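Engineer: A single structure is presented below for examination.
The values are calculated or read from the model by the stated rules, or taken from the named source; none is laboratory data. All values derive from a computational prediction rather than experimental measurement. Counting neighbours? That spans all protein chains shown, and the Cβs are built from the backbone with ideal geometry, glycine included.
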Amino acid sequence: MNAPVKTDTVLFTTKGQVVIPAKLRRLYHIEAGTRAIIEATPEGILLKPVTAALIRSGRGIAKRKPDDKPFSEWWAEHKASEKALEEAKYARSTRGSR
């Protein structure tokens, strides 16, 4: 996607969070819960949102073996394992607060 280069200013919270301006969120199809790849570059920090549009544009790039699971099945299992890890992390963090 070749967007015109424009500079915006954002503020970091004490937790290191930033708010991406609404027009950029719309342009790059960023919604609540969208994951991003963060990369340190010589110029600074680069955020690459991983959106459904990005995934669709990359379909067919990775070579798959004939006996591999369909991507949708693999992705569902991946998301389930991520959720289980997050739930375990939450359970550990709330154990001592009772």
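Engineer: Exactly one of (1) at pLDDT 80 or above; (2) surrounded by 11 or more Cβ atoms within 10 Å (Cβ to Cβ); (3) under 30 Å from Asp8 (Cβ atoms) is unmet by Leu54. Its number?
Structural biologist: Every condition holds for Leu54 apart from (1).
Engineer: If we keep just the residues of the range 57-89 that are part of a loop (DSSP other than H, G, I, E, B) and surrounded by 11 or more Cβ atoms within 10 Å (Cβ to Cβ), which is modelled with the lowest pLDDT?
Structural biologist: Ranking the qualifying residues of the range 57-89, first place goes to Arg64.
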